[in-house]
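Heads up: the structure comes next, in C-alpha cells.
The values are calculated or read from the model by the stated rules, or taken from the named source; none is laboratory data. Computed from a predicted model, the values in this text were never measured in an experiment. Glycine also receives a Cβ, built like all others from the backbone with ideal geometry; neighbour counts cover every protein chain displayed.
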Amino acid sequence: MAESTADGVERRLPTDEARELFALVRDIARREIAPGAAEEEAAGRFPREVFALLSRSGLLGLPYDPEYGGGGQPYEVYLQVLEELAAARLTVGLGVSVHTLSCHALAGFGTEEQRAAHLPAMLGGGLLGAYCLSEPSAGSDAAALRTRAVREGTATG
C-alpha cells in the first residue's frame, strides 16, 4: 500500500505492522537522531547511544528471521527505514546498512550452531557488526576504486 509522508516521499508499506514500524523510526529519527547530528558529526563522534537505542527498538535486524531476533520485514521496508535514518544522520543510515550487510553471511551461510550463537546478539542484543574494505590502490575509500577491462583473445557468443 502506497502512502505519501509529510515531506512528499511516497512509501510502500505493505502491512499495518510496517506502517507502525515506520512511524516508530520517524519518531526516533526526529527526536533522538536529528537534533544532535550536526554537532556530533562536526566533533567526529560515533553515535553509540543511537545504535544501542536502535538495537533495543528491534531496528538492527529488520530483514532477518524472527527466530534469531530479526524483524522478518521485507527488504523493501528495511530499505525505507534505512532511508529515513540516513535522512536524519547519514552516519546512522550507513552504520545500519553496514551492520545489516555484516549479518548476511552468517544468516545465509552460517551453520545452525553459528546462527544460534551469534545472530541474536547481532540482530537485537547490542552487538554491532562491521566488515573491512581494503584495496591496494584505494585503502578503505570505496569511491577511489578504479577498474578497467582489457580484451584478451576473441569474444564468443
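Remarks
- Hey, V96 modelled with pLDDT of 85 or more, outside any helix (DSSP H, G or I) and among the β-branched types (V, I, T) or not: no
- Entry remark, the stretch 118-134: residues being touching a Phe, Trp or Tyr at 6+ places or on another chain (Cβ under 8 Å) and either of a type in the set (A, V, I, L, M, F, W, C) or assigned to a loop (DSSP other than H, G, I, E, B) (or both) number 3 in total.
- F22 being among the hydrophobic types (A, V, I, L, M, F, W, C) and more than 16 Å from G129 (Cβ to Cβ): yes
- Test: residue in the stretch 79-87 that is of a type in the set (D, E) and not in a helix (DSSP H, G or I): no
The rows are residues; the columns are (1) of a type in the set (A, V, I, L, M, F, W, C); (2) touching a Pro at 6+ places or on another chain (Cβ under 9 Å); (3) more than 24 Å from R12 (Cβ to Cβ).
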residue: L82; (1), (2), (3): yes, no, no
residue: H99; (1), (2), (3): no, no, no
residue: G110; (1), (2), (3): no, no, yes
residue: Q114; (1), (2), (3): no, no, yes
residue: H118; (1), (2), (3): no, no, yes
